[in-house]
Amino acid sequence: NVYLAGGDGHLVVEPNTMRLRVDKGPPEIHVIPAADPLFRSVAATFGNFSVGAVLTGLGRDGALGCSAIADAGGIVMAQDPSTAVAPSMPQSVVDLQVARTVLDVPMLAQHFGVAVTKLYGEIPATIRHH
């Protein structure tokens, strides 16, 4: 499944239930929804089983959340900023030196799948082919 945060709140993972919810908190770095609250909640919930990736985007949203994932022992990936339409978000992750992998999007998708498989086991075919 793919879940998208609407424009009225941050998408976060509830640590006790592992369910997604919309947090109506204030904007972070002048952005709502922001990636940082999601990444922080993923790190808090899944620890060293966390995987996060930052793709093209404006600003530095996602960088601090990726730091939380890396600090928890999880895996952080970033789109190669030179291949991004808006490179500042992936560049901010690269600048913090928390990304294990920095690749163009097609290769990043492949590495993301490999990382998830290593952490959780084989990815079901229905997910691999969508």
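Solvent-accessible area per residue for the chain at a 1.4 Å probe radius, Å²? Before the final figure, lay out the partial values.
Details: 7680 Å² over 130 residues.
About 59 Å² of surface per residue is accessible.
Computing the accessible area with a 1.4 Å probe over protein heavy atoms, can you report the carbon and sulfur percentage for the chain?
Values: 4590 of 7680 Å².
Carbon and sulfur atoms account for 60 percent of the accessible area of the chain.
Hey, in the GNM for the chain with a 10 angstrom Cα cutoff, which one of G65, G52, G113 fluctuates hardest?
Top of the fluctuation ranking is G113.
What are the radius of gyration and Dmax of the chain, computed over its Cα atoms and given in Å?
Rg and Dmax of the chain, Cα atoms, are 14.1, 39 Å.
Can you list the residues, at least 5 places off or on another chain, whose amide H is less than 5 Å from the amide H of A53, using H built in the peptide plane?
Answer set, sorted by chain and number: M77.
For the chain, with only Lys/Arg (+1) and Asp/Glu (-1) charged at the beta-carbon, what is the dipole magnitude about the Cα centre, in debye rounded to 20? Please list the in-between numbers first.
Details: 8 positive and 11 negative charges, 55 e Å.
So the magnitude is around 260 debye.
What's the extension gain from R100 to A86 if we count 0.36 nm per residue and subtract their Cα-Cα distance? Intermediate values should be presented prior to the final figure.
Numbers: separation 14, 0.36 × 14 = 5.04 nm, distance 2.05 nm.
This chain segment gains 3.0 nm when fully extended.
The values are calculated or read from the model by the stated rules, or taken from the named source; none is laboratory data. The shown structure was predicted, so the numbers you read here are calculated from the model rather than taken from an experiment. Cβ coordinates were reconstructed from backbone atoms using ideal geometry, including for glycine residues, and neighbour counts include every protein chain displayed. Remember, those area values only see protein heavy atoms, side chains included, never the ligands or the DNA or RNA. Shrake-Rupley method; radii C 1.70, N 1.55, O 1.52, S 1.80 Å.
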